[in-house]
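Input: a single structure, listed below in structure tokens.
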Amino acid sequence: VLSSLCEKKGKMHGRPRKAPTPEEQEAFSVKASKLRSLQSQFLQFHHAKIYTKEALDVSAKLLESNPEYYTAWNYRKLAVQHNFNLPEVDNNEESVKLILDEELRLVENTLKRNFKSYGAWHHRKWVLSKGHSSTDRELLLLGKFQKADARNFHAWNYRRFVTTLKNIPNEKELEYTTDMIFDNFSNYSAWHNRSVLLSHLLKEKAKGYCPKDNVFTEEYEFVRHALFTDPDDQSGWFYHLWLLDQTVKLETLLVSSCPPHGSNLSLSVDGSFGDCSLSPFTSLQTNTRILPLVLYFSEAVENVCSSTVVIECENIASNELVWRSLSGDGTGSAQAWLTYLNFPEEHAHSEKAYQVKCLYHLIVQNMLI
């Protein structure tokens, strides 16, 4: 089977494959034979519940050859628990630490072969969770793996585990994600870790991360910098979607507005509307250049601002509009939100019709004013 698979020609991920040479096939066969022999020895020890040094050496060689052999990792856990209960080890801190250090050494060797091994990372977590091993070296080790592959989500997941053990503040880790993102805007894992850290900081109402509106506004500006630098990279867009999801639910709809959709507005500074005869049901007349604009949503939303609401209207700067909730409870969450459109004086006359386009979280509402 191995020979027939190796002889097949084709393309994998756009890269052509070539058949191995006879020498390579021979090397594959020798390696497979050694692996089968190790596996046979290991299973004999495992089934007999033998945890001697010889048995541990066999399992270590097997894992160094194949880090994805989960049964061997489970065996190592059973061996550790067994050896902890030996008379010469029981309650001996130094002996316990030596046993666990050997497990850490083995994990490091296997990660050098495959630093995306689920079993290896999980085993390392298990060892550190015992509470007898120092965590000082862990971040240095992670630095090496993240330098080799900055987007290795296994390493990022393990980093969150280690920082929790070391009580490293989320604020400091957030700074680390900033550095990693500036180093490579395409670092999906750094963006994801940023969302996890921000979620914790906002939930805990940490100092400097309240109110939420200010935090999300800064995050929108941060991700926009990445998007403008490399608009074709998808990682920043995924983070942008996460930000939108924090400010409004996807099912939230802009259900109505005041002035209502499709209405007409006549402006006149001196109060004179001439011969204008518009229907009272579809028109508004005002002698002021400042018009209140109210948006009403299907449910209470937060963070209605220039980052989430875009108003397109002649001579109106959307990013200068200030929105406030009409809930009156001070929570910053409301179904109704208010801002004021300030029309220039030279455009305030009864014959001019303005069109306002409101874009909120991909929901478009057009109003003819």
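Structure notes:
- Test: residue in segment 189-197 that is of a type in the set (A, V, I, L, M, F, W, C), surrounded by fewer than 18 Cβ atoms within 10 Å (Cβ to Cβ), modelled with pLDDT of 90 or more and not in a helix (DSSP H, G or I): no
- Selection count, segment 113-126, where residues are open to solvent by less than 60 Å² (accessible area, probe 1.4 Å), assigned to a helix (DSSP H, G or I) and touching a residue at least 40 places away in the same chain (Cβ under 8 Å): 4
- Selected residue [in a helix (DSSP H, G or I), in contact (Cβ under 8 Å) with a residue 40 or more places away in the chain and closer than 16 Å to Lys116 by Cα] from Ala155, Ala150: Ala155
- Screening the candidates Leu295, Leu284, Leu278 for the property of being in a strand (DSSP E or B), at pLDDT below 70 and out of contact with any Lys or Arg (no Cβ under 9 Å at 6 or more places or on another chain) yields one hit, Leu284.
- Selected residue (criterion: nearest to Lys166 (Cα to Cα)) from residues of segment 133-149 that are open to solvent by 70 Å² or more (accessible area, probe 1.4 Å) and charged (D, E, K, R): Asp136
- Criterion: more than 42 Å from the chain's Cα centre (by Cα) and modelled with pLDDT of 90 or more - qualifying residue of Glu54, Glu102, Glu23, Glu68: Glu54
- Selection from segment 216-229 of residues that are open to solvent by 20 Å² or more (accessible area, probe 1.4 Å) and under 18 Å from the mean Cα position of the chain (by Cα): Thr217, Glu218, Glu221, Phe222, Arg224, His225
- Here Lys130 does not fit the description of being in a helix (DSSP H, G or I), open to solvent by 30 Å² or more (accessible area, probe 1.4 Å) and either at pLDDT 90 or above or more than 28 Å from Lys207 (Cα to Cα) (or both).
- Selection status of Glu175, part of a helix (DSSP H, G or I) and in contact (Cβ under 8 Å) with a residue 24 or more places away in the chain: no
- Just one residue in the set Asp233, Asp213 is within 18 Å of the chain's Cα centre (by Cα), at pLDDT below 85 and farther than 15 Å from Leu174 by Cβ; that residue is Asp233.
- Residues (under 40 Å from the mean Cα position of the chain (by Cα) and either buried (at least 17 other Cβ atoms within 10 Å of the Cβ) or free of Cβ contacts under 8 Å to residues at least 24 places away in the same chain (or both)) located in segment 71-92: Ala72, Trp73, Asn74, Tyr75, Arg76, Ala79, Val80, Gln81, Phe84
- Residue pairs whose Cβ atoms lie under 9 Å apart, sitting 6 or more positions apart in sequence or on different chains, and linking a residue in segment 317-338 that is part of a loop (DSSP other than H, G, I, E, B) and open to solvent by 30 Å² or more (accessible area, probe 1.4 Å) to a partner that is charged (D, E, K, R) and at pLDDT below 85, are Thr331/Glu302.
- Close pairs (6 angstrom Cβ cut-off, 6 or more residues apart or separate chains): touching a residue at least 12 places away in the same chain (Cβ under 8 Å) in segment 197-219, surrounded by 17 or more Cβ atoms within 10 Å (Cβ to Cβ) and acidic (Asp, Glu) anywhere: Leu197/Glu173
- Residue that is surrounded by 14 or more Cβ atoms within 10 Å (Cβ to Cβ) and assigned to a helix (DSSP H, G or I), where the choices are Ser37, Ser95: Ser95
The values are calculated or read from the model by the stated rules, or taken from the named source; none is laboratory data. None of these values were measured; they are calculated from a predicted model. Cβ sites come from the backbone with ideal geometry, for glycine too, and all protein chains shown count toward neighbours. Accessible surface is based on the protein model in full, side chains and every heavy atom, while ligands, DNA and RNA are left aside. Shrake-Rupley method; radii C 1.70, N 1.55, O 1.52, S 1.80 Å.
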